[in-house]
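Below: the structure, in structure tokens.
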Amino acid sequence: MSKKKNSYAALPFILKPSFVKQFLLLFFLLSGIYSFAQEKATAPARPVAEKGKPSIFTDDELASSDYLASIERAGELLDDAKNKGALDASVLFLLGEVHQTKEALKLIDSNLGSQNNGNVRNQQMYRKVLLELQQKFEIYWKALNENDEKIVKIRKGNKSILKDTVFAKLIKDTLRINEFRPQLKDLKAKWITTDSLLKANIDSLNSWKKGITEKRMLISKDLILVNERLNKSGVSLFGSEHPNLWSTDQKAKTQEMQAYLKDKFNAEQKASAYYFSYSLGSTFMLLLLAGLLWWWVNFNLKSLKKAQRLENLNVFQFRYLNHSTIFPIIVIGLNIAIAINLYAPALFIEFMHLALLATLTVLFKKIWSEKAFRNWLLLVVLFALFCFLDLFVEISQLQRCLFVLVNLACIRFGFAYLQTIRDEMYIKGLLKYAKVLFISLNILAVLFNLFGRVSLAHTLSLAAIIALTQVIALSVFLKIILEIITLQIYTIRIRRGIDKIFDFKNLEKNLKKPFMLLITYLWVIVIASNLNLSSVFYDVITSIVTTENKIGNFTFTVGNILLFLLIVWIAHIIQKYVAYFFGEIDDEDEESVNKKQHSKLLITRLLLLILGYLLAISAAGIPLDKITIVLGALGVGVGLGLQNIVNNFVSGVILIFDKPIQIGDVIDVGAQTGKVKTIGLRTTKIDTSNGAEVIVPNGNILSQNIVNWTYTNNSKLVDLSFTLQGEISQEAIKKTIIDCISTIPLIYSEKEPQLFYSYISDTKHQLKIQFWCNIYRTETAISEARIALYDGFKKQGVVFE
């Protein structure tokens with residue numbers, strides 16, 4: 001090997017094997033490059049596609065199915081756009097409301113432009129309605145604008161079809177266009193249809209928005225006009241509108257007065273007609289509720305008539321329901337209608353007052369004394385005169401003089417004739433305030449009329465007589481409500497087989513307190529409305545109850561606190577009196593107690609309280625984190641000294657649901673024996689046999705043994721011991737005892753009396769008998785048994801001791 005190596009080394013460099021290999025490799029590489037270049041140069045040129053005209057020689061990796069899929073996607077996008085861009089039912093319903101609202105606005109605008117329509121109440125009604133229409137048109141405009149923006153966005157989104165790379169490549173290829181021409185033709189027609197629909201909807205929405213904008217401008221103009229009239233009337237109330245009464249020199253012309261009367265009536269009629277259509281929904285609901293109440297009252301009366309107990313209503317001192325049912329229900333409905341239509345036009349509200357007075361006249365004719373009824377008719381006439389002079393007679397010297405005369409007649413009526421009406425009223429307390437207000441406002445009206453403040457005199461006069469008549473109407477309203485409740489309780493008790501007449505006076509006394517608050521509230525708001533002060537009171541009260549106050553990190557408003565307390569108070573009132581509507585009363589007879597119903601009522605009361613507190617917390621807007629802090633504080637309080645209160649509360653809940661004792665049970669708890677009268681959340685009240693009422697904490701009841709004599713039934717085993725002097729056999733004794741005991745209704749004859757002798761001789765017998773009787777009549781049963789046994793043995797010549 002070493003020799004061979006040495007021989008290669010002696011050769012020239014060019015002849016060495018390594019050099020030869022490298023040279024041959026380079027030669028073949030250059031030859032290949034030269035051959036490829038020659039072939040490229042001599043090959044025929046391939047056609048190149050012009051712009052927009054793809055060639056058949058162009059490389060394309062997409063299949064026909066890909067292009068079809070892109071066309072299908074575009075079609076689906078257009079279908080979706082067509083469906084979403086269509087005006088749905090909510091928009092069409094909204095447009096219907098817009099049309100109705102436009103018609104209402106048109107009517108208000110025409111009424112505002114008519115003459116003799118400057119009545120303050122009408123202007124207040126127009127202002128209230130215009131503010132509501134302004135809010136409605138704002139909502140309409142926002143809703144239409146949202147739909148408009150949505151459709152515009154959908155229309156712009158349709159152009160995203162062109163961003164699809166496959167579809168974009170398809171529409172640039174003439175050969176592919178010819179291949180998919182039918183599909184593209186359908187797609188083009190769908191595009192045109194969808195785009196036209198979207199454009200038409202956009203144009204329609206813009207047109208409607210334009211119309212709403214015009215109506216909003218019209219509302220603003222009308223509001224400015226109404227506010228100017230109200231401000232002017234407010235200034236004129238305290239300013240001198242007319243010369244002093246003694247210095248006026250106006251001659252009324254018959255023709256002008258007739259024309260004024262006609263124009264005024266037309267203006268008031270238009271305002272009242274619009275308001276009636278405006279409040280048609282609430283009016284229909286009120287009529288429906290009144291109809292249901294009338295049906296329910298008649299149903300209860302028919303039940304009593306069927307049970308032959310209808311004449312007992314006189315015992316309850318009914319004054320209205322026992323004579324008629326339709327007129328009392330009308331009185332209730334009209335009182336509520338007056339209270340909820342505070343902003344009604346003058347003609348509308350005064351017509352309702354006259355209808356109420358006419359209905360009361362029908363009721364009073366049957367039950368009031370002749371003198372009181374005659375005075376009532378005089379009051380109705382005075383009311384009608386005020387209404388006519390205020391609404392339809394133009395202000396003149398004659399009109400002002402007539403107003404003064406009617407005011408003086410009202411003052412005379414208040415001092416001389418009102419007492420007879422007071423004697424017939426159910427509520428006499430409010431009448432003295434109404435009398436003072438009635439006389440005072442009439443005196444002020446006379447003074448203001450004399451010195452030229454005619455509008456203020458009219459306002460005070462109407463407010464005075466409405467204040468008086470409304471007190472009388474609300475008194476009848478309260479009496480009818482209490483009669484309906486009493487009728488409901490008595491009817492349910494008759495259905496349960498309880499014929500006992502309960503203490504209805506105590507019932508009315510308990511129910512009158514919460515209803516008096518409602519009556520007073522209704523009276524005050526009606527007076528404020530007729531004095532044109534309701535909006536002022538509303539603004540003042542709103543500013544008070546909505547102002548935020550801050551204590552530390554806790555923010556609250558007076559309104560939230562009052563709302564919380566009001567709901568809690570109402571919940572306590574309802575849970576206290578809910579039993580009355582199921583025929584339960586406080587002085588229930590022992591044998592009439594329905595224990596199951598009482599248990600259900602206890603659960604109902606507990607649920608009402610829980611729901612009331614939860615609703616109060618939610619309505620008042622109290623945050624949950626604050627409640628957590630309060631509960632934490634209560635937890636500390638429980639640890640420090642509220643254990644007994646919490647224990648009694650939990651025990652009360654256990655008594656309600658576990659029912660070891662129920663209302664009406666006769667129990668022994670510790671040293672106390674008596675009948676369970678009430679079971680509360682904290683304490684239980686027990687009536688003892690000597691008339692005492694023992695209040696026992698619920699925790700004490702569950703912490704010791706309870707003897708419930710009436711847990712399963714009302715039976716009690718009693719003992720009666722006596723001595724017989726005379727000759728008589730044991731068989732005769734037993735027969736006499738059984739015969740005598742069986743004649744006593746309070747002693748249960750299903751179980752035969754048991755006899756036990758303690759001493760027997762020829763002429764003397766000492767014995768004890770045991771028998772079962774009603775536990776609520778134990779003493780009575782023993783007494784009747786003694787009398788019956790005495791008479792029975794006396795007939796046999798045996799002395800009973």
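Couple of notes before you dig in:
- Among Glu228, Glu268, the ranking by other beta carbons within 10 Å of each residue's beta carbon, starting with the fewest, stands as Glu228, Glu268.
- Just so you know, the averaged projected area of the alpha carbon convex hull for region 112-226 sits at 9.6 nm².
- Listed values for region 793-801 are Karplus-derived 3J(HN,Hα) couplings in whole Hz (6.51 cos²θ - 1.76 cosθ + 1.60, θ = phi - 60°), namely 7, 5, 5, 9, x, 10, 7, 9, 10, and x replaces Gly and Pro.
- Segments 301-311, 556-566 sorted - mean Cβ within 10 Å per residue, highest first: 556-566, 301-311
- Quotient of Cα Rg and 2.2 N^0.38 Å for region 400-451, N being how many residues it contains: 1.25
- Which of Phe800, Phe438 has the fewest Cβ neighbours within 10 Å, and the rest in rising order: Phe800, Phe438
- Here the dipole of region 715-800 is about 100 debye; that uses its Cα centre as origin and unit charges on the Cβ of Lys and Arg (positive) and Asp and Glu (negative).
- Relative to the compact-globule estimate of 2.2 N^0.38 Å, the Cα radius of gyration of region 416-522 comes out at 1.49.
- Distance between the 7 Å Cα→Cβ label points at Ile738 and Thr778: 2.7 nm.
- Sorted by Cβ density within 10 Å, fewest first, the residues Val707, Val454, Val524: Val707, Val524, Val454
- Residue by residue, region 343-360 carries 3J(HN,Hα) couplings of 9, 6, x, 4, 5, 5, 6, 6, 5, 5, 4, 5, 5, 5, 5, 5, 5, 5 Hz when phi is fed to the Karplus relation 6.51 cos²θ - 1.76 cosθ + 1.60 (θ = phi - 60°); x denotes Gly or Pro.
- Percent of Cα pairs in region 666-801 per distance bin of 5 Å, from zero to the largest separation: 2, 9, 17, 17, 13, 10, 9, 8, 7, 4, 2, 1, 0.
None of the figures in this text is laboratory data; all of them are computed from the coordinates on show. No experiment lies behind these values; they were computed from the predicted model shown. Backbone-built Cβ (ideal geometry, glycine too); neighbour counts: all protein chains shown.
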